[in-house]
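J.: What follows is a single structure, and I will ask about it in a moment.
The values are calculated or read from the model by the stated rules, or taken from the named source; none is laboratory data. Only a predicted model underlies this, so the values are computations on that prediction, with no experimental measurement involved. Note that we place each Cβ from the backbone using ideal geometry, even for glycine, and neighbour counts take in every protein chain shown. For the accessible areas, the whole protein counts, side chains as well, though only heavy atoms, and no ligand, DNA or RNA atoms are used. Shrake-Rupley method; radii C 1.70, N 1.55, O 1.52, S 1.80 Å.
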Amino acid sequence: MDKLTQKAEAVLKANDRGSYTVPSPKLYPHQWLWDSCFIAIGLRHIDPRRAATEIESLFRGQWQSGMLPHITLREDSGYWAGAGFWQSSVSPAAPKDVATSGITQPPVVAIAAEKVAQKLPEAEAHVFLKQIYPKLLAYHNWLYRDRDPDNRGLIVLVNAWECGFDNTPPWMHTIRFLSPLWISTFIKMRLNGVFTKRRRDTKTVPAEQRISNIEALKLAHLAYMHRKNDYDSRKTISTSRYCVEDIGFSSILIAANKSLLRIANHISEDIPSDLSYRFTQTEKALEELWDEETQMYYSRNFHTKRVLKQPTISGLLPLFSGAISKERADKLVRTLSDARQFGTDFPVPTVPTSSRYFKEICYWQGPSWINSNWMVVHGLENYGYKEKAADIRQKSLELVGKNGCNEYFSALNGKPLGASNFSWTAALALDLLKTT
Ligand code: 2M8
């Protein structure tokens, strides 16, 4: 076995909690939605049954409404936004026997389920997909019913945590003036140190590599407002100014919708026609988020329809959707390859280096992450950019091979950043290695 495989397998084993895997034992001691999906995609190469369990275990947290929460919580872990913070029981739709968060995360799950099934023996794959399909369908239904109030096909997010790229510039710009009284009082009373003590991440990782206290508190405030609405998305969307039609989320959803259609076909089920119509709407609606002037896709404020013109890697994810024209794809690939934007020595930066928001070592504001690289690689393959895809695949593997399974890396010099032994880095490195 080569060294990288050995290293990656060891990380996944150490972070395994039986039926699910924690992203990082110290920083993230619960089950996260898109983390588990990426983890399953890698685990399928080692143990496809365990990978299927990783996906199945996510659904212990599914709400009656169909919502899949972004965190399924374990008791007493010390993570600052735990069960007491979320209080999921305020919603009658929340599961009774397990505490969860009240928001979702990028819908990678149908993609992961399809990929895991490909590695199971056919009879087992059939049983696995049959059993998981109604739950996946309920989740996609929820996204369209509760998060697309205008029936336009673009999913509305109510918190930056939902997009997965937590402190990404367009979201930080959206909440720049959000200043509820409790946060200003908190700052006036110099309580920063109190919150810093509650945070585990900044104890293990230098604070300048993480989301700032103030940004995290603002996201906590958005979560609190949603909780006050008993996690009723329609209520929150109609009352909160901080709602975003997120380009990354909708691009991933398109890819996931296609996986769901193939899963349905595999087990001879029919997706309800009104839902499959909504799928096609999302594909068409991506075009609304294209900006001709800068030749890039952006997220948009749901209420004002103002485009959030802070470029990020999410604007490249329409490649992953496979739903844009070849002409648009060509333009994105040019931007991706441009040395002044995304074409760094250790690609792909989450924010282009030319942007005034680029920060080399800060979390989702610049560093290269293996999950976004994985989506870019598949996006390039969708459009036949084989060499470019192979190049990013190779560079991602080198990053992990040389530096370890860190959470993220400097896009300028490859320096490992964030948590070490991070699960999705290990899992997706395995997948990138095994699927060449
Ligand atoms: C980060 O997000 C959590 C909140 O969900 C946090 O900062 O505490 C993000 O990187 C997110 O994308 C990821 O799923 C999560 C766990 O790895 O950590």
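J.: Are any residues in the range 389-404 surrounded by 17 or more Cβ atoms within 10 Å (Cβ to Cβ) and under 23 Å from Leu317 (Cα atoms), and if so, which ones?
T.: Ala389, Ile392, Arg393, Lys395, Ser396, Leu397, Leu399, Val400
J.: Picking from Arg74, Arg152, Arg147, which residue would you name as being of a type in the set (D, E, K, R), in contact with a strand residue (DSSP E or B) (Cβ under 9 Å, 6 or more places away or on another chain) and open to solvent by less than 60 Å² (accessible area, probe 1.4 Å)?
T.: Arg147
J.: Please go through the range 97-110 and give me each residue that is of a type in the set (A, V, I, L, M, F, W, C) and open to solvent by 10 Å² or more (accessible area, probe 1.4 Å), ordered by number.
T.: The answer is Val98, Ala99.
J.: Being within 16 Å of the ligand (Cβ to nearest atom) and either crowded, with 20+ Cβ neighbours inside 10 Å or under 24 Å from Ala94 (Cβ atoms) (or both) narrows it down to one residue among Ala207, Ala220; which is it?
T.: Working: Ala207 fails: either crowded, with 20+ Cβ neighbours inside 10 Å or under 24 Å from Ala94 (Cβ atoms) (or both).
Ala220 is the lone residue from the list that is within 16 Å of the ligand (Cβ to nearest atom) and either crowded, with 20+ Cβ neighbours inside 10 Å or under 24 Å from Ala94 (Cβ atoms) (or both).
J.: In the range 164-193, how many residues are without any contact (Cβ under 8 Å) to a residue 24 or more places away in the chain and hydrophobic (A, V, I, L, M, F, W, C)?
T.: Number satisfying all stated conditions: 4.
To keep it simple, each residue is scored yes or no on (1) closer than 20 Å to Cys362 by Cβ; (2) within 15 Å of the ligand (Cβ to nearest atom); (3) small (Gly, Ala, Ser).
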{"residue": "Ala160", "(1), (2), (3)": "yes, yes, yes"}
{"residue": "His173", "(1), (2), (3)": "yes, no, no"}
{"residue": "Ser179", "(1), (2), (3)": "no, no, yes"}
{"residue": "Arg190", "(1), (2), (3)": "no, no, no"}
{"residue": "Ile211", "(1), (2), (3)": "yes, yes, no"}
{"residue": "Arg227", "(1), (2), (3)": "no, no, no"}
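J.: Going through the range 267-285 one residue at a time, which ones are more than 21 Å from the chain's Cα centre (by Cα) and either among the acidic types (Asp, Glu) or surrounded by 13 or more Cβ atoms within 10 Å (Cβ to Cβ) (or both)? So that I can check it myself, show each step before the final result.
T.: First, pick out the residues of the range 267-285 that are more than 21 Å from the chain's Cα centre (by Cα): 267-278, 280-281, 284.
Within the range 267-285, Ile267, Glu269, Asp270, Ile271, Asp274, Leu275, Ser276, Tyr277, Arg278, Thr280, Gln281 qualify.
J.: Here is a list of conditions, (1) within 17 Å of Val22 (Cβ to Cβ); (2) open to solvent by less than 10 Å² (accessible area, probe 1.4 Å); (3) more than 16 Å from the ligand (Cβ to nearest atom), and Ala94 meets all of them except one; can you say which number that is?
T.: It is condition (1) that Ala94 fails.
J.: Please work out which residue is nearest to the ligand (Cβ to nearest atom), limiting yourself to the range 28-83 and to residues that are within 20 Å of Ala223 (Cα to Cα) and among the small types (Gly, Ala, Ser).
T.: Ala81
J.: Which residues, counting only those in the range 383-436, are within 30 Å of Glu327 (Cα to Cα) and assigned to a loop (DSSP other than H, G, I, E, B)?
T.: Matches in the range 383-436: Tyr383, Gly384, Tyr385, Ala411, Leu412, Thr435, Thr436.
J.: A further question follows. What is the number of the single condition among (1) open to solvent by less than 30 Å² (accessible area, probe 1.4 Å); (2) out of contact with any Pro (no Cβ under 6 Å at 6 or more places or on another chain); (3) outside any loop (DSSP other than H, G, I, E, B) that Asp330 does not meet?
T.: All conditions are met except number (1).
J.: Restricting attention to the range 420-436, report how many residues are open to solvent by 10 Å² or more (accessible area, probe 1.4 Å), on the phi < 0 side of the Ramachandran plot and within 16 Å of the ligand (Cβ to nearest atom). Give the steps one after another, and end with the answer.
T.: Applying the first criterion (open to solvent by 10 Å² or more (accessible area, probe 1.4 Å)) to the range 420-436 yields 420-421, 433-436.
So of that shortlist, the ones also on the phi < 0 side of the Ramachandran plot come out as 420, 433-436.
Filter once more, so that each one left must be within 16 Å of the ligand (Cβ to nearest atom): 420.
Selection size over the range 420-436: 1.
J.: Hey, Pro95 hits all of (1) within 30 Å of Lys434 (Cα to Cα); (2) in contact with a Lys or Arg (Cβ under 9 Å, 6 or more places away or on another chain) but one; which does it fall short on?
T.: All conditions are met except number (1).
J.: Considering each of Glu360, Glu407 in turn, give the residue that is within 16 Å of the ligand (Cβ to nearest atom) and modelled with pLDDT of 95 or more.
T.: Answer to the selection: Glu407.
J.: For the range 177-204, which residues satisfy the criterion of being open to solvent by 30 Å² or more (accessible area, probe 1.4 Å) and of a type in the set (D, E, K, R)?
T.: Lys188, Arg190, Lys197, Arg198, Arg200, Lys203
J.: Another question about this same structure. Which one is farthest from Leu260 (Cα to Cα) among residues in the range 315-327 that are open to solvent by 10 Å² or more (accessible area, probe 1.4 Å) and touching a residue at least 24 places away in the same chain (Cβ under 8 Å)?
T.: Top of the filtered list is Lys326.
J.: Check Gly82, Gly78 and return the single one that is touching a Leu at 6+ places or on another chain (Cβ under 7 Å) and at pLDDT below 95.
T.: Criteria check complete, one pass: Gly82.
J.: Can you give me the number of residues within the range 234-266 that are open to solvent by 30 Å² or more (accessible area, probe 1.4 Å) and part of a helix (DSSP H, G or I)?
T.: Final tally of qualifying residues: 9.
J.: Answer with yes or no whether Glu288 is open to solvent by 10 Å² or more (accessible area, probe 1.4 Å), among the charged types (D, E, K, R) and either touching a strand residue (DSSP E or B) at 6+ places or on another chain (Cβ under 9 Å) or under 29 Å from Phe409 (Cα atoms) (or both).
T.: yes
J.: Please find, among Gly315, Gly343, the residue that is outside any helix (DSSP H, G or I) and out of contact with any Cys (no Cβ under 9 Å at 6 or more places or on another chain).
T.: So the residue among Gly315, Gly343 that is outside any helix (DSSP H, G or I) and out of contact with any Cys (no Cβ under 9 Å at 6 or more places or on another chain) is Gly343.
J.: Within the bounds of the range 9-26, is there any residue that is among the acidic types (Asp, Glu), away from the ligand (no atom under 16 Å from the Cβ), out of contact with any Lys or Arg (no Cβ under 9 Å at 6 or more places or on another chain) and under 13 Å from Trp424 (Cα atoms)?
T.: Scanning the range 9-26, I find at least one residue that is among the acidic types (Asp, Glu), away from the ligand (no atom under 16 Å from the Cβ), out of contact with any Lys or Arg (no Cβ under 9 Å at 6 or more places or on another chain) and under 13 Å from Trp424 (Cα atoms), so the answer is yes.
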